[in-house]
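Here's the structure we're looking at; comments come further down.
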Amino acid sequence: MYVSSEPIVHVALGLIAILLTVLILPFKVRVVEENLEPFFLIMGILAVTISGLWSYELLIEALKEPVWLPNTPIPVGIFQVVLTAGLFIHLFNRQIYSAIMRLLEGIGIKVFTFVMILFLGLISSVISVIVTAVILSEIASILPFDKKRKMEFVIVSCFAVGLGAALTPVGEPLSTIAVSKLKGEPYHADFFFLFNLLGVYVIPGIVSLAIYGSFKVRKLKIEIVETVRYEESLRNVIFRAIRVYTFVSALILLGRGLSPLALWFFSKVPPEGLYWLNTISAILDNATLVAVEIEPEMNLMQIKSALISLLISGGMLIPGNIPNIVSAGRLKIRMKEWAEIGVPIGIVLLIVYFLILVFESWILHRHW
């Protein structure tokens, strides 16, 4: 659908108001923090209404995408994965939990944490971010950590998974859309395009996150590892899948509804500013921002900067990425609790990568 490149004042103000509401209320109003799914759904509906972008296609996309991802021949989506994995663990929890506990006891907490974060971060680009998110949330749910250490493990892992999933088009929607938009001239993007472009940045980042995660649990001493009792009811398993479905649908609507802001303002921002402006992906579907921002006319440095910023920012708050949504729902992590850990990590990563990209750009310009 066509959207004017010039902002209509009342529409722009309305969308900015929604953006600020989404940024503020989950931290200030407890009932909103405890009910993020319906809140984001309401905000998404309002955003699409204000921007005038309602269409039959958008409605079908919001209803269909949680159960049928784009470019897949069979119906595979986050709802089925979360529900199926939840039912599988509900039936075989004793065997699964015992195996994880034996591994933990065999290699120790520090090594276990490092290996899990590294493994999940790297494998997410192969088995998809959705499957990885479910595995992460279940592993985290039974770790013999206190709540703070468990949240740190989950959030650091979600940063790693979000970074790793971008390395191939099957990892997550962001990478699928980026490759699709760059498949023609001049880049002819193929399956390994993003791996070749981002791998040198992403893989060291995942390793660093794994080291940091193991450092955070280094002081924990657990001499006897006991298998955690499974306490999830069948009703909770089904209800959690429904909540994830609602959240994903809400983010599709919110991202589409706020897309005029990106079209009006993002295109006027220089690459350095766009890097920091993309931190908005902490609350928006980053696939939507990729669809708006990434164009074949951009040079490789611009593409790298935009994608890296989106990937890092996606870990800072619960709505930023699928692993965050799944893990927060499984472990009952609130928005404020996630932000207290995720935002500082995200800021450090953004600064480090920004300096790396600036230095690389300076070297390239100096060479030429």
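For the reader, a short list of remarks on this structure follows.
- Against the criterion of being modelled with pLDDT of 90 or more and in contact with a helix residue (DSSP H, G or I) (Cβ under 9 Å, 6 or more places away or on another chain), residue 327 qualifies.
- Unique residue being within 17 Å of the chain's Cα centre (by Cα) and touching a residue at least 12 places away in the same chain (Cβ under 8 Å) when the list is 154, 217: 154
- Lone unmet requirement of (1) within 21 Å of residue 251 (Cβ to Cβ); (2) out of contact with any Pro (no Cβ under 7 Å at 6 or more places or on another chain); (3) not hydrophobic (A, V, I, L, M, F, W, C) for residue 113: (1)
- Residue within the range 102-113 that is at pLDDT below 90, surrounded by 21 or more Cβ atoms within 10 Å (Cβ to Cβ) and closer than 20 Å to residue 319 by Cβ present: no
- Residues that are closer than 18 Å to residue 244 by Cβ, touching a residue at least 24 places away in the same chain (Cβ under 8 Å) and β-branched (Val, Ile, Thr) within the range 43-83 comprise 67, 78, 81, 82, listed in sequence order.
- Filtering the range 165-191 to residues that are modelled with pLDDT under 85, among the hydrophobic types (A, V, I, L, M, F, W, C) and assigned to a helix (DSSP H, G or I) leaves only 177.
- Assessment of the range 77-97 against the conditions (among the aromatic types (Phe, Trp, Tyr) and farther than 30 Å from residue 143 by Cβ) yields no matching residue.
- The range 74-101, subset farther than 19 Å from residue 63 by Cα and small (Gly, Ala, Ser), residue least open to solvent (accessible area, probe 1.4 Å): 86
- The residues in the range 261-288 that are at pLDDT 85 or above, of a type outside the set (Val, Ile, Thr) and buried (at least 22 other Cβ atoms within 10 Å of the Cβ) can be counted, and the count is 4.
- Count - residues of the range 30-41 that are open to solvent by 50 Å² or more (accessible area, probe 1.4 Å) and either hydroxyl-bearing (Ser, Thr, Tyr) or free of Cβ contacts under 8 Å to residues at least 40 places away in the same chain (or both): 3
- Residue check for residue 316: out of contact with any His (no Cβ under 9 Å at 6 or more places or on another chain) and not in a helix (DSSP H, G or I): yes
- Filtered residues of the range 21-39 (kept if in a helix (DSSP H, G or I) and acidic (Asp, Glu)): 33, 37
- Considering 153, 145, the condition of being at negative phi and surrounded by 21 or more Cβ atoms within 10 Å (Cβ to Cβ) is satisfied by 153 alone.
The rows are residues; the columns are (1) part of a helix (DSSP H, G or I); (2) over 17 Å from the mean Cα position of the chain (by Cα).
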site: 273; (1), (2): yes, yes
site: 278; (1), (2): yes, no
site: 289; (1), (2): yes, no
site: 297; (1), (2): no, yes
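- The number of residues in the range 173-189 being surrounded by 13 or more Cβ atoms within 10 Å (Cβ to Cβ) and charged (D, E, K, R) comes to 2.
- Check on residue 132, of a type in the set (S, T, N, Q) and open to solvent by 10 Å² or more (accessible area, probe 1.4 Å): no
- Pairs with Cβ under 6 Å, 6+ apart, first in the range 302-330 and under 26 Å from residue 38 (Cα atoms), second assigned to a loop (DSSP other than H, G, I, E, B) and hydrophobic (A, V, I, L, M, F, W, C): 317/283; 319/283
- Selected residue (only one of 213, 205, 162, 199 is surrounded by fewer than 16 Cβ atoms within 10 Å (Cβ to Cβ), among the small types (Gly, Ala, Ser) and assigned to a helix (DSSP H, G or I)): 199
The values are calculated or read from the model by the stated rules, or taken from the named source; none is laboratory data. Only a predicted model underlies this, so the values are computations on that prediction, with no experimental measurement involved. Quick reminder, even Gly has a Cβ in these numbers, built from the backbone with ideal geometry, and neighbours come from all protein chains shown. Accessible surface is based on the protein model in full, side chains and every heavy atom, while ligands, DNA and RNA are left aside. Shrake-Rupley method; radii C 1.70, N 1.55, O 1.52, S 1.80 Å.
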